[in-house]
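Shown next, in structure tokens, is the structure this report addresses.
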Amino acid sequence: MLRRSAASGTDGQSVADYESNLDANLSDLLDRLISKRYRAKLVRRKYIPKGGGKLRPLGIPAVEDKIVQMAARRILEAIYEADFLETNRGYRRGKGAREASQILRESLATKKVNWVVEADIKGFFNNLEHEKLLNMLRKRIDDEAFVRLIGKWLSAGVLEEDGAILNPTTGTPQGGIVSSVLANVYLHYALDTRIENEVKRKAYPDVVYLRYADDFVCGFHRESDAQRFLGWLREQLAVYGLELAEEKSGVVKFTRFNLKASGRFTFLGFDFFWSATRNGKQTVKRQTNRKKMNLALQGMKQWIRINRSRTLKQLAPILRRKLLGHYNYYGVIGNSESLGKFQYWTQHIIFKWLNRRSQRRSYNWTGFSQMWNTLGMPTPQVVEKPYRYQTNVELFNV
């Protein structure tokens, strides 16, 4: 389903416009697909705030391109879902980021891992090679017309905000609905199966590997294996036109046997680290990454600034959803302190905003807290179930 509120592409046609004459539009689109007269339209590029003063490019395809891509995505998912490895957790139905973080935590806590390679691919979605991707698709898809259709989206021009037209030679379709599954296909062959077939045989005794989109972690027992893997990884990615984001990649000592010397790494918005429990046992913990926490609070400040003329009662429904969204993702076992900090600083942001609205002090903290509760604001809570009670996840060792 396409969102009726979605922005229009370069043709200026909205979803509502397309639906107003839906049967005729779909019939015409089908005729052009069958007769091979279908052409992908230019993708409109828009830049949106990313946080930290940066901008994120957003591609907006035309409505009919979205429709055809939705159908293509379903076909690709039906073909490749049986091929994708369990170590690939990104952009797949029934597999989420929080669940992936729990699987990784459990794997690191129970396997013989002392060193972790954290890795991120530099500009992955902009740099994967078109011809290599199309050849990967041909390994499983005999319909050349379907492969060429995907090729049209890969090479579709991009209309910049200043009117310039770019013709990409690498990367996934800008804003394309098929982009996520195509990215998974690329890394399935370039990385996942290579690690399964090559790295597994050379490392001892356990290798813990998990990938979510272009962000992945690999754990080893020996430092020599971790360092060897990092070198292998650079060479392997280069074969496919990719390279590591070196500032986000490296080898981290990660051991229960020396907590002071053991480091931490960040994955999926969480910091992973070894810690001692109250009864003296060692365990792997997850904590909201400080940078992610600060970005979330900055986003809250910006949202309040934009809506400063409205009342808290008017903003309450959206604020509740924002808080619940944060708690539902970061509400993992052992992360209660970070959840409490997020609530505390969010309350302070709202408290200061309310008291700046008038010359005099509008609320003291007690009165504000009562109003907060009256408005039904959610309290931080751990929503994650203990791993042993999960029925749809699998612990894996590559």
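The values are calculated or read from the model by the stated rules, or taken from the named source; none is laboratory data. Nothing here was measured: the structure is a model prediction, and the numbers come from that model. Note: ideal-geometry Cβ built from the backbone for every residue, glycine included; neighbour counts use all protein chains shown.
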Somewhere in the range 133-150, is a residue crowded, with 19+ Cβ neighbours inside 10 Å and closer than 30 Å to Met293 by Cα? no
Are any of the residues in the range 64-85 assigned to a strand (DSSP E or B) and under 21 Å from the mean Cα position of the chain (by Cα)? no
Determine, yes or no, whether Ile67 is surrounded by 11 or more Cβ atoms within 10 Å (Cβ to Cβ) and either over 30 Å from Gly299 (Cα atoms) or touching a Pro at 6+ places or on another chain (Cβ under 9 Å) (or both). yes
Scan the range 97-115 for residues that are touching a Phe, Trp or Tyr at 6+ places or on another chain (Cβ under 8 Å) and outside any helix (DSSP H, G or I) and jot them down. Val113, Asn114, Trp115
Of the conditions (1) closer than 30 Å to Leu244 by Cβ; (2) touching a Pro at 6+ places or on another chain (Cβ under 9 Å); (3) among the basic types (Lys, Arg), Lys41 fails just one. Which one is it? (1)
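Every residue, every condition in (1) assigned to a helix (DSSP H, G or I); (2) in the same structural domain as Lys253 (by TED's automatic domain parsing); (3) among the β-branched types (Val, Ile, Thr), yes or no:
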{"site": "Tyr189", "(1), (2), (3)": "yes, yes, no"}
{"site": "Thr193", "(1), (2), (3)": "yes, yes, yes"}
{"site": "Glu196", "(1), (2), (3)": "yes, yes, no"}
{"site": "Val199", "(1), (2), (3)": "yes, yes, yes"}
{"site": "Arg211", "(1), (2), (3)": "no, yes, no"}
{"site": "Cys218", "(1), (2), (3)": "no, yes, no"}
{"site": "Ser224", "(1), (2), (3)": "yes, yes, no"}
Examine the range 100-109 for a residue that is at pLDDT 95 or above and in contact with an Asp or Glu (Cβ under 7 Å, 6 or more places away or on another chain), and state whether such a residue exists. yes
What are the pairs, 6+ residues apart or on separate chains, where a residue within the range 163-176 that is surrounded by 21 or more Cβ atoms within 10 Å (Cβ to Cβ) has its Cβ under 7 Å from a residue that is charged (D, E, K, R)? Gln174/Arg45
Selected residue (only one of Val63, Val158, Val113, Val68 is assigned by TED's automatic domain parsing to the domain that holds Leu259, touching a residue at least 40 places away in the same chain (Cβ under 8 Å) and not charged (D, E, K, R)): Val113
Just checking, does the range 66-87 include any residue being within 24 Å of Arg211 (Cβ to Cβ) and among the hydroxyl-bearing types (Ser, Thr, Tyr)? yes
Could you list, in sequence order, the residues of the range 262-301 that are outside any strand (DSSP E or B), more than 20 Å from the chain's Cα centre (by Cα), of a type in the set (Gly, Ala, Ser) and modelled with pLDDT under 95? Gly280
Could you tell me whether any residue of the range 38-55 is aliphatic (A, V, I, L, M), in contact with a strand residue (DSSP E or B) (Cβ under 6 Å, 6 or more places away or on another chain), at negative phi and in contact (Cβ under 8 Å) with a residue 40 or more places away in the chain? yes
Could you look through the range 22-51, keep only residues that are among the charged types (D, E, K, R) and part of a helix (DSSP H, G or I), and pick out the one that is nearest to Gly157 (Cα to Cα)? Arg32
